[in-house]
Amino acid sequence: MTYTSDETQNDRTDDNPDDQLTRSARWYAVQVASGCEKRVKMNLEQRIETLDVANRILDVQIPETPILRHQKDGRPKEAAEKVFPGYVLVKMVMDDETWQVIKNTPNVINFVGAEQKRRYGRGRGHVKPMPLGHGEVERIFKQSQEQEPVRKIDMATGDKITVLSGPFKDFEGEVIEVSPERNKLKALLSIFGRETPVELEVNQVEKI
């Protein structure tokens, strides 16, 4: 597959060739195996140096947003959550060589793009990588850089829990509502043989 792009053409012939390449680079989304985002990023960065394409593959990013996870003692701990699980973003100049570098990286599935049907026979065609729009890229990185940490509670409606402290200690029940912003949840507990909704602090319970 041969890639040609008018993005790589530049009327200013007096510029450094690497500067021209840098200006023509675009961001692409690359689908990777689930849970392998960081491994792909590390492998890609190593391959970029080894294969001497750092002037055409300029950056590899995993957009993340800050979150607060509550520990068992109730204290929040800042962490990060992937904005697009299963994808990495690559800023690059698309040509045959850079396409091969990305595609042949372990755990890379494919570029995000438009599928071109095969002319003959059956089976899936080739996916033509499509660059992300400038506004889309700006929004993605702005969201990950400026967003305030979002509270995350490792509980969901339907989870079975047991109460660790308080007047309902050792009671078991089912979560019916989660309020991350208040660090609380509601659970149905069997009290005197009746299912009764009770509001609890997140650090008062654990999942069974």
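The values are calculated or read from the model by the stated rules, or taken from the named source; none is laboratory data. Everything numeric here is computed off the predicted structure, so don't read it as measured data. Using ideal geometry, Cβ is built from the backbone for each residue, glycine included, and neighbour counts are taken over all protein chains shown. Only protein heavy atoms, including side chains, enter the accessible area calculation; ligands, DNA and RNA are left aside. Shrake-Rupley method; radii C 1.70, N 1.55, O 1.52, S 1.80 Å.
A few notes on this one:
- Single residue of the range 177-208 satisfying the filter (surrounded by 13 or more Cβ atoms within 10 Å (Cβ to Cβ) and among the hydroxyl-bearing types (Ser, Thr, Tyr)) that is nearest to Thr162 (Cα to Cα): Thr196
- Of all residues in the range 92-112 being open to solvent by 40 Å² or more (accessible area, probe 1.4 Å) and not charged (D, E, K, R), the one that is modelled with the lowest pLDDT: Val112
- Those residues of the range 63-91 which are among the β-branched types (Val, Ile, Thr) and either at pLDDT below 75 or surrounded by fewer than 14 Cβ atoms within 10 Å (Cβ to Cβ) (or both), in sequence order: Ile67
For (1) modelled with pLDDT of 90 or more; (2) open to solvent by 80 Å² or more (accessible area, probe 1.4 Å), each residue gets a yes or a no:
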{"residue": "Thr2", "(1), (2)": "no, yes"}
{"residue": "Gln9", "(1), (2)": "no, yes"}
{"residue": "Asp14", "(1), (2)": "no, yes"}
{"residue": "Gln20", "(1), (2)": "no, no"}
{"residue": "Gln46", "(1), (2)": "yes, yes"}
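- Pairs linking a residue in the range 24-53 that is part of a loop (DSSP other than H, G, I, E, B) to a residue that is among the aliphatic types (A, V, I, L, M) and open to solvent by 50 Å² or more (accessible area, probe 1.4 Å), with Cβ atoms under 9 Å and 6 or more positions apart or on different chains, are Ala25/Leu58; Ala33/Ile109.
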